[in-house]
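Student: Submitted below is the structure of interest, expressed as structure tokens.
The values are calculated or read from the model by the stated rules, or taken from the named source; none is laboratory data. Treat the numbers as computed from the prediction; the structure is a model and nothing was measured. Here the Cβ is made from the backbone with ideal geometry for all residues, glycine too, and neighbour counts use every protein chain on show. Ligands, DNA and RNA are stripped out before the accessible areas are found, and what is left, the full protein with its side chains, is counted by its heavy atoms. Shrake-Rupley method; radii C 1.70, N 1.55, O 1.52, S 1.80 Å.
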Amino acid sequence: MFENLSEKLQRSFKNLRGQGTLTEENISEALREIRLALLESDVNLDVVKQLIEQIRIKALGTQVATALSPTEQIVKIVNDELVNILGKDTARFKFSSQPPSVILMAGLQGSGKTTTSGKLAQWLKKGGHRPMLVSVDVYRPAAREQLAVVARTTGTSIYEGKLDPDTTHGTADVLRLAKEAKRDAANFGCDILIVDTAGRLGIDKELMDEMAELKKLLNPSEILFVADAMTGQDAVNSAKAFNDLLAITGAVLTKMDGDARGGAALSIRQVTGAPIKFLGTGEKPDAFEPFHPDRIVSRIMG
Ligand code: GDP
């Protein structure tokens with residue numbers, strides 16, 4: 001187990017108990033511990049540097065609050081700063097004024113995009129919506145089949161479309177399927193279309209061009225970047241790449257049931273400016289929850 005940040009600070013301040021002021025010296029000591037704790041929580045190095053600077057400025061400018069020990073003061077500053085970055089409230093989900101609203105799912109292969117599409121469909125249904133799913137991964141029949149299974153298990157409508165199994169398909173087919181699905185959703189009275197896109201093992205130009213074209217065609221109300229919380233730094237790099245091109249509206253962090261410490265949430269938010277909207281907490285369709293910034297902060301702070 002990690003020693004949590006509060007404990008670490010407690011330890012580094014053990015000689016200062018009773019001394020109610022934050023001095024430059026004890027702030028520097030605390031910042032060293034905070035830096036380590038954030039790095040251990042998988043927060044991106046650049047983000048850690050920015051954060052430490054912000055915390056230093058706040059701490060130096062803090063009035064002496066006699067009721068709080070130096071540790072408590074610093075813990076409070078760090079806590080406030082993290083919540084500040086993540087945003088205090090759970091982010092809202094956006095819909096178009098003209099249904100169907102399109103949710104474009106973006107992310108690398110294996111991040112949990114298909115699973116999350118199903119979870120999102122189920123969550124939206126609970127909220128009284130009628131979602132439809134479509135996979136535009138024309139390159140991998142197995143990916144489309146996986147979404148069909150997800151649709152069956154969650155009892156969600158799906159647009160499967162037609163693709164000749166003997167032909168190689170490309171972006172033109174992706175766009176055709178997406179367009180047909182949007183029309184089909186409207187015809188069937190579905191108010192939301194969730195578009196599961198092709199993932200690659202890494203960022204490549206072809207994938208990015210295709211995503212940009214999908215965005216242009218579908219005018220999505222949400223572009224959700226799905227990231228595996230366990231992949232830490234890689235998740236941050238791909239978040240940046242997807243955001244630069246698509247201006248994502250939010251992120252979903254999957255596999256939070258593992259021992260990911262949640263630092264990726266902070267980094268993705270800081271690097272893209274987009275809010276984390278949901279967490280995936282298991283493989284089952286209901287292992288999914290709206291993101292609460294304070295819970296991640298407690299996970300990081302311990
Ligand atoms: P895609 O390639 O991005 O569509 O990823 P998938 O949806 O196929 O997910 C990849 C793997 O991660 C699958 O084995 C999923 O069951 C698993 N997975 C997805 N989300 C979660 C999650 O929140 N927790 C856990 N433990 N596994 C997940």
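Student: With the requirement that a residue be over 19 Å from Ala91 (Cβ atoms) and within 16 Å of the ligand (Cβ to nearest atom), what does region 232-265 give you?
Tutor: Gly232, Asp234, Ser238, Ala241, Lys255, Asp257, Gly258, Asp259, Ala260, Arg261 - these are the residues of region 232-265 that are over 19 Å from Ala91 (Cβ atoms) and within 16 Å of the ligand (Cβ to nearest atom).
Student: Related question: Could you grab me the full set of residues in region 67-76 that are part of a helix (DSSP H, G or I) and either open to solvent by 50 Å² or more (accessible area, probe 1.4 Å) or free of Cβ contacts under 8 Å to residues at least 60 places away in the same chain (or both)?
Tutor: Filtering region 67-76 down to residues part of a helix (DSSP H, G or I) leaves 70-76.
Within region 67-76, Pro70, Glu72, Gln73, Lys76 qualify.
Student: What are the residues in region 279-302 that are among the aromatic types (Phe, Trp, Tyr) and within 10 Å of the ligand (Cβ to nearest atom), if any?
Tutor: Across region 279-302, the qualifying residue is only Phe288.
Student: Further, regarding this structure: Output the qualifying pairs, or none if there are none: Cβ atoms under 6 angstrom, residues six or more apart or on different chains, first residue in region 250-267 and among the β-branched types (Val, Ile, Thr), second residue in a loop (DSSP other than H, G, I, E, B) and within 14 Å of the ligand (Cβ to nearest atom).
Tutor: Taking only residues 6 or more apart or on different chains, the pairs are Thr254/Gly112.
Student: Would you mind stating whether Ile268 is open to solvent by less than 10 Å² (accessible area, probe 1.4 Å) and either among the β-branched types (Val, Ile, Thr) or near the ligand (Cβ under 10 Å from one of its atoms) (or both)?
Tutor: Criteria met by Ile268.
Student: Kindly provide the set of residues from region 77-135 that are closer than 27 Å to Asp173 by Cα, open to solvent by 60 Å² or more (accessible area, probe 1.4 Å), more than 13 Å from the ligand (Cβ to nearest atom) and in contact (Cβ under 8 Å) with a residue 24 or more places away in the chain, ordered by number.
Tutor: Residues satisfying the conditions are Phe95, Pro99, Arg130.
Yes or no, residue by residue, for (1) modelled with pLDDT of 95 or more; (2) outside any helix (DSSP H, G or I); (3) among the charged types (D, E, K, R):
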{"position": "Trp123", "(1), (2), (3)": "yes, no, no"}
{"position": "Gly128", "(1), (2), (3)": "yes, yes, no"}
{"position": "Met132", "(1), (2), (3)": "yes, yes, no"}
{"position": "Tyr139", "(1), (2), (3)": "no, yes, no"}
{"position": "Ala148", "(1), (2), (3)": "yes, no, no"}
{"position": "Arg152", "(1), (2), (3)": "yes, no, yes"}
{"position": "Ile158", "(1), (2), (3)": "yes, yes, no"}
{"position": "Gly161", "(1), (2), (3)": "no, yes, no"}
{"position": "Pro165", "(1), (2), (3)": "no, yes, no"}
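Student: Next question, about the same structure. From the list Leu201, Leu207, Leu224, which residue is under 30 Å from Leu45 (Cβ atoms), within 16 Å of the ligand (Cβ to nearest atom) and open to solvent by 20 Å² or more (accessible area, probe 1.4 Å)?
Tutor: Leu201
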